[in-house]
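The values are calculated or read from the model by the stated rules, or taken from the named source; none is laboratory data. Remember, it's a predicted structure, so these values are computed and weren't measured experimentally. Here the Cβ positions follow ideal geometry from the backbone for every residue, glycine too, while neighbour counts run over all protein chains shown. All accessible areas refer to the heavy atoms of the entire protein, side chains included, with ligands and DNA or RNA removed. Shrake-Rupley method; radii C 1.70, N 1.55, O 1.52, S 1.80 Å.
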Amino acid sequence: QVQLVESGGGLVQPGGSLRLSCSASGSIFNILTMAWYRQAPGKQRELVAGMTRGGTTNYADSVKGRFTISRDNAKKRVDLQMNSVKPEDTAVYYCNVNDGGIVYWGKGTLVTVSS
């Protein structure tokens, strides 16, 4: 059984920083990509940032220059450093892992950007 556990969400003021982490456990052996998605109220889930096993990254245009994704393959962990956050970054953030073609999702962590 595969489990993805996210942490680090919470309330942050505009312009502040937050770091999300996701750790994978269980029968997961061939992680290809690790990524973060988010879903704001009334909107579709969207890709925020992703990273391949080789280190290639891609970001949503709305977060480029502000967010940074990183991963530790040995620890099966992916982090998202969020800087200069904006109210429009408010959403539930989900960890996503592609393990040899099988996609797993975390349960999500809420990020609220508000003064």
Notebook entry, point to check: Of the residues in region 18-37, how many are out of contact with any Lys or Arg (no Cβ under 7 Å at 6 or more places or on another chain) and closer than 14 Å to Y93 by Cβ?
Noted result: 5
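Could we say that R66 is in contact with a Phe, Trp or Tyr (Cβ under 6 Å, 6 or more places away or on another chain), touching a residue at least 12 places away in the same chain (Cβ under 8 Å), under 16 Å from E88 (Cβ atoms) and surrounded by 12 or more Cβ atoms within 10 Å (Cβ to Cβ) here? Give the steps one after another, and end with the answer.
Details: in contact with a Phe, Trp or Tyr (Cβ under 6 Å, 6 or more places away or on another chain): no; touching a residue at least 12 places away in the same chain (Cβ under 8 Å): yes; under 16 Å from E88 (Cβ atoms): yes; surrounded by 12 or more Cβ atoms within 10 Å (Cβ to Cβ): yes.
Spelling it out, it is not the case that R66 is in contact with a Phe, Trp or Tyr (Cβ under 6 Å, 6 or more places away or on another chain), touching a residue at least 12 places away in the same chain (Cβ under 8 Å), under 16 Å from E88 (Cβ atoms) and surrounded by 12 or more Cβ atoms within 10 Å (Cβ to Cβ).
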Margin query: Suppose we keep only residues that are open to solvent by 60 Å² or more (accessible area, probe 1.4 Å) and not aromatic (F, W, Y) within region 95-115. Which one would you say is nearest to G15 (Cα to Cα)?
Written below: S115
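Take the residues of region 65-76 that are touching a strand residue (DSSP E or B) at 6+ places or on another chain (Cβ under 9 Å) and not in a strand (DSSP E or B): which is nearest to V5 (Cα to Cα)? Spell out how you get there, then give the answer.
Our first condition is that a residue be touching a strand residue (DSSP E or B) at 6+ places or on another chain (Cβ under 9 Å); within region 65-76, this holds for 65-73, 75-76.
Pick out the ones that are also not in a strand (DSSP E or B) and you get 65-66, 73, 75-76.
Details: G65: 26, R66: 23, N73: 16, K75: 13, K76: 11 Å.
My answer is K76.
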Checklist line | Members of region 81-94 that are within 11 Å of G9 (Cβ to Cβ) and either among the hydrophobic types (A, V, I, L, M, F, W, C) or at pLDDT below 95 (or both) | finding: M82, A91, V92
